[in-house]
Structure formats: C-alpha cells, structure tokens
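The values are calculated or read from the model by the stated rules, or taken from the named source; none is laboratory data. These numbers were taken from a predicted model, which means no experiment stands behind them. Glycine gets a Cβ as well: all are built from the backbone with ideal geometry, and neighbour counts include every protein chain shown.
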Amino acid sequence: MAWRDFTAYRNLAVFVAAILCCLILPSAVRNKVRSLFYEFRAPIDSIPSQLSDLQKFWSLSSNSKRELIEAGRDLARINAANTLKLMENEALKLKVGRLEAVLQLPSEEKFKSEIARVVRRDIGAWQQQLTIRKGTLHGIKEGYAVIYGGGVVGRISRAGLYTSDVMLVGSRKFRMAARFENDERAIIYQGAGSPSMHRPYGEVSDVPEDFKASASNPLKLVTSSLTGTFPDGIYIGEVTALEQEADGIFKSGRVDLSPGLSSLREVSVLIPVSELERP
C-alpha cells in the first residue's frame with residue numbers, strides 16, 4: 001500500500017512539474033518542444049497510410065492473370081490517351097513560351113504542383129483540418145495553397161519536415177478573397193465550421209446588390225487573383241441564395257462546398273515558382 005501511495009504521489013509530482021515548466025519556460029522554448037513533438041509523431045501518423053498502400057499492393061497482386069491482363073489493357077488505353085494529352089499540353093506550352101518571348105511578357109507559370117497523400121483526419125475536426133505526407137523537405141511551407149480535382153482544399157497551416165497540416169476551406173479560420181464566375185468584383189469568403197458528418201459549407205459576404213442566386217440558377221464561386229496564394233478561377237463552391245445584410249447595401253449567403261472534400265485521398269500543394277527560383 002505504501003508503495004502504491006508513493007507511486008501516485010510521484011506521478012502527481014511529475015505532472016505538476018510538467019505544468020510548471022510549460023508555464024515558466026519562454027515561449028520560444030515551448031514552441032521548439034512542440035515542434036520536436038510534431039516531428040517525433042510524424043512517422044507514427046504516416047504508418048497507417050503506408051500500411052494501406054502496402055495492403056492495396058498485395059490485394060492487387062492476388063488477382064488472377066486474366067484480371068491482370070484486362071486491367072493492363074484498360075491501363076494501356078488510358079496511358080495512350082494521357083500521352084496524347086501530354087503531347088498537346090507540351091505543344092501549347094512551347095507555343096505560349098514563344099509568344100511570351102516575342103512579346104517580351106513575363107511567364108504565366110506561377111505555381112509548381114506537389115502531390116501529397118492524406119495520412120490523417122481527426123473525427124472531431126473532419127471538416128477543419130487534415131494531415132498530408134509531405135513537408136518542408138519537399139519545398140512545402142506555411143500559407144501555401146492546397147487544391148484537388150474538385151477545387152480548393154485549403155491552406156497549409158503547419159509545415160514539418162515529413163508531414164504538414166492543412167486548414168480546410170470549411171474551417172472558420174479560413175478566409176480569402178473570392179469572386180463569382182464571369183465577374184471580376186472581389187467578395188469575401190469564410191468557412192463556417194460545418195459539423196464533421198455533414199456536407200462542408202462556408203459563407204460569402206460583401207456581395208454587390210445586383211447579384212441574384214437560386215437553387216435553379218446558382219452562382220459559382222471561384223478564387224480571385226487578389227488572393228495571391230491561389231491561382232485565379234479555382235472552384236470553391238456554389239451559392240443558391242443571397243440575403244440582404246444589415247447595412248442594406250451588400251448581400252451575404254451560404255456557400256455549398258464540394259462533397260468530395262469529405263473523402264480526400266490525395267491533394268496538390270501549389271508551390272510558387274518564385275520561391276523555387278530563390279538561391
């Protein structure tokens with residue numbers, strides 16, 4: 001019994017000492033300890049994703065020869081089509097490059113895409129944050145834009161060596177300049193912090209009074225060039241209704257985001273080309 005009491009008091013003393021250290025130590029030391037903890041936890045977070053990739057590999061390896069031959073045929077057709085598209089894309093890039101050289105225009109290529117696998121999402125913050133399997137070793141920094149095939153995903157909120165956290169477009173902390181498709185006037189978009197098991201959504205404000213939206217004629221919201229970190233024209237969501245704000249001048253409304261945000265497997269981080277060109 002005495003030994004148990006001693007163990008309990010010792011654990012309590014260690015806990016109290018840890019709390020005191022957190023309160024007394026300078027903020028720089030606390031930030032360094034937090035950063036070291038993230039780097040220590042990063043490989044642990046990546047293990048489930050890597051095991052999932054390995055499981056998928058072995059499940060595909062167990063298929064019959066006939067299934068593999070059919071899959072190979074389908075893949076060959078897709079690769080052939082993609083090869084043609086890549087050739088067309090390269091030809092268009094060369095043409096644009098020649099025109100830029102003749103007209104002495106700056107290059108339009110502003111971002112390099114870095115593909116990253118999603119490794120972790122917390123149930124309590126499903127629509128607010130996720131973790132990807134790449135970090136500063138791959139050129140990723142805080143503030144970089146994150147997109148996928150369906151549009152905007154969010155923005156890098158923390159970049160470690162091997163993993164990074166992404167603040168999703170549905171988070172209340174996410175805010176950016178946006179515009180409606182086929183209109184250049186800037187408006188404000190902000191995430192609404194939607195519940196974990198519901199479709200993500202956001203809010204738009206400072207909308208000029210002449211805009212009208214309905215379920216049969218929704219307005220498509222895209223990124224604005226004023227944002228800087230995102231290319232212009234990337235899809236954000238749709239607005240099906242607008243209401244007058246308290247000032248009586250502007251309107252506001254709900255933005256329905258893409259349902260694909262709830263089941264992301266891979267994303268693309270946009271790294272500015274200007275950052276890559278720095279020595």
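Name the single residue that is nearest to Pro200 (Cα to Cα) among those in segment 83-128 being at pLDDT below 85 and of a type in the set (Val, Ile, Thr). Taking the candidates together, the pick is Ile123.
For the subset of segment 233-267 comprising residues that are within 18 Å of the chain's Cα centre (by Cα) and part of a strand (DSSP E or B), which member is surrounded by the fewest Cβ atoms within 10 Å (Cβ to Cβ)?
Out of the qualifying residues, it is Glu266.
Here Ser194, Ser263, Ser258 are screened, and the one residue that is of a type outside the set (Phe, Trp, Tyr), touching a residue at least 60 places away in the same chain (Cβ under 8 Å) and within 26 Å of Gly135 (Cα to Cα) is Ser258. Among the residues making up segment 200-243, those that are among the polar types (S, T, N, Q) and under 12 Å from Ile187 (Cα atoms) are Ser205, Thr223, Ser224, Ser225, Thr227. Just so you know, in segment 111-157 the residues that are in contact with a Phe, Trp or Tyr (Cβ under 6 Å, 6 or more places away or on another chain) and hydrophobic (A, V, I, L, M, F, W, C) include one that is surrounded by the most Cβ atoms within 10 Å (Cβ to Cβ), and it is Ala145.
Within segment 53-82, residues that are modelled with pLDDT of 75 or more sit with their Cβ atoms under 9 Å from residues that are in a helix (DSSP H, G or I) and surrounded by 10 or more Cβ atoms within 10 Å (Cβ to Cβ), at 6+ positions apart or across chains, in these pairs: Ala71/Leu60. In the set (1) of a type outside the set (A, V, I, L, M, F, W, C); (2) touching a residue at least 60 places away in the same chain (Cβ under 8 Å); (3) within 29 Å of Asp122 (Cα to Cα), Ser274 fails one condition alone, (3). Selection within segment 175-227: residues that are assigned to a loop (DSSP other than H, G, I, E, B) and either basic (Lys, Arg) or at pLDDT 95 or above (or both). The member of this set that is nearest to Phe111 (Cα to Cα) is Arg185.
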